[in-house]
Amino acid sequence: MNVEVTSLPGIGVRKEFSLTKVARRIGVVDHRDGGTDLIFTKIDDPDTTVQVPLSDGEARTLASLLGAPRLVAQLQEEHRDLDGVSTRSLPVLPDSPYAGRRLGETEMRTRTLASIVAVLRAGQIHPSPGPEFGFLGGDMVVIVGTTTGLDAAASILSDG
């Protein structure tokens with residue numbers, strides 16, 4: 001995939017690539033002040049650019065949404081032959097009782113017999129997080145366990 005990077009003097013950097021199934025380009029503008037915009041453009045017609053400013057939380061959530069399905073699909077493929085083992089990605093919503101708290105405080109493994117194998121945050125994967133790992137609203141948690149354990153894990157992350 002060829003990502004074009006364009007300096008925008010006084011603004012920041014534009015990063016975009018062509019989509020294969022439609023005549024469009026998609027990308028982001030990373031502003032010097034730390035802001036991020038999602039951009040969507042017709043190929044060869046920059047005047048059609050739709051630019052959507054994202055808050056930090058929205059950018060983190062979007063990055064996690066895009067990264068989580070690939071990681072979950074890979075883990076599901078690896079666990080395909082293991083009966084009773086499933087993988088699921090679950091969000092830590094901003095109003096979750098565990099947003100701003102440590103993974104160990106969930107007692108997830110003890111309470112559900114499911115294991116948190118990764119946390120996706122702002123496009124970054126944090127593999128095998130330890131009990132000291134702090135959750136933020138917008139994190140996407142990747143968990144492996146039984147269907148019952150995964151349902152219980154979802155309940156813990158949403159309700160406590």
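The values are calculated or read from the model by the stated rules, or taken from the named source; none is laboratory data. Remember, it's a predicted structure, so these values are computed and weren't measured experimentally. Cβ atoms come from the backbone with ideal geometry, glycine included; neighbour counts cover every protein chain shown. Keep in mind that these areas ignore ligands, DNA and RNA; they rest on the heavy atoms of the full protein, side chains included. Shrake-Rupley method; radii C 1.70, N 1.55, O 1.52, S 1.80 Å.
Rounded to the nearest 10 Å², what accessible area does HIS31 have for a 1.4 Å probe in the complete protein model?
HIS31 has an accessible surface of roughly 50 Å² with all protein chains in place.
If you average the alpha carbon positions of segment 86-113 and of segment 114-146, how far apart do those two centres end up, in angstrom?
Result: 8 Å between the Cα centres.
Given the options ALA118, ILE43, THR87, identify the residue whose Cα lies farthest towards the positive end of the charge dipole of the chain (+1 on Cβ of Lys, Arg; -1 on Cβ of Asp, Glu).
Of ALA118, ILE43, THR87, it is ILE43.
Per residue, how much accessible area does segment 105-160 have with a 1.4 Å probe, in Å²?
Result: 46 Å² of accessible area for each residue.
For every other residue with a beta carbon closer than 15 angstrom to the beta carbon of THR148, add +1 if it is Lys or Arg and -1 if Asp or Glu, then tell me the sum.
Combined, the nearby Lys, Arg, Asp and Glu give +1.
Note the angle between two axes, namely the Cα long axis of helix 147-159 and the longest principal axis of the Cα atoms of the chain, as a number of degrees from 0 to 90, rounded to the nearest 10.
Rounded to the nearest ten degrees, it is 70.
In a Gaussian network model over the chain where Cα atoms closer than 10 Å are linked, find which of ILE26, ILE116, ILE125 has the largest mean-square fluctuation.
In this elastic network of the chain, the residue with the biggest mean-square fluctuation among ILE26, ILE116, ILE125 is ILE26.
Find out how many positive minus negative residues lie around PHE133, taking Lys and Arg as positive, Asp and Glu as negative, among other residues whose Cβ is under 12 Å from that of PHE133.
Combined, the nearby Lys, Arg, Asp and Glu give 0.
In a Debye calculation with equal point scatterers on the alpha-carbon sites of the chain and no solvent, what is log10 I(q)/I(0) at q = 0.11, 0.12, 0.19 Å⁻¹?
With one equal scatterer per Cα and no solvent, log10 I(q)/I(0) is -0.55, -0.63, -1.10.
For segment 78-160, what does the alpha-carbon gyration tensor say about shape, rounded, prolate or oblate, given a ≥ b ≥ c as the root eigenvalues, a/c under 1.5 as rounded, and a/b over b/c as prolate?
Values: a/c = 1.80, a/b = 1.39, b/c = 1.29.
Prolate.
What does the C-alpha gyration tensor say about the overall shape of segment 1-70? Classify as rounded when a/c is under 1.5, otherwise prolate if a/b is larger than b/c, or oblate.
oblate
For THR49, what charge total do you get from the other residues with a beta carbon under 10 Å from its beta carbon, if Lys and Arg give +1 and Asp and Glu give -1?
Details: positive: ARG14, ARG25, LYS42; negative: GLU16, ASP37, ASP45, ASP47.
My count for the surroundings of THR49 gives -1.
Considering only protein heavy atoms and a probe of 1.4 Å, how much of the accessible area of the chain is carbon and sulfur, as a whole percent?
Carbon and sulfur together cover 54 percent of it.
Identify the residues of segment 123-160 with backbone N under 11 Å of a label point that sits 7 angstrom from the Cα of LYS15 along the Cα-to-Cβ direction, or state none.
It comes to 123-124, nothing else.
Just how large is the dipole of the chain about the Cα centre, in debye to the nearest 20, putting +1 at every Lys and Arg Cβ and -1 at every Asp and Glu Cβ?
In debye, rounded to 20, the chain gives about 140.
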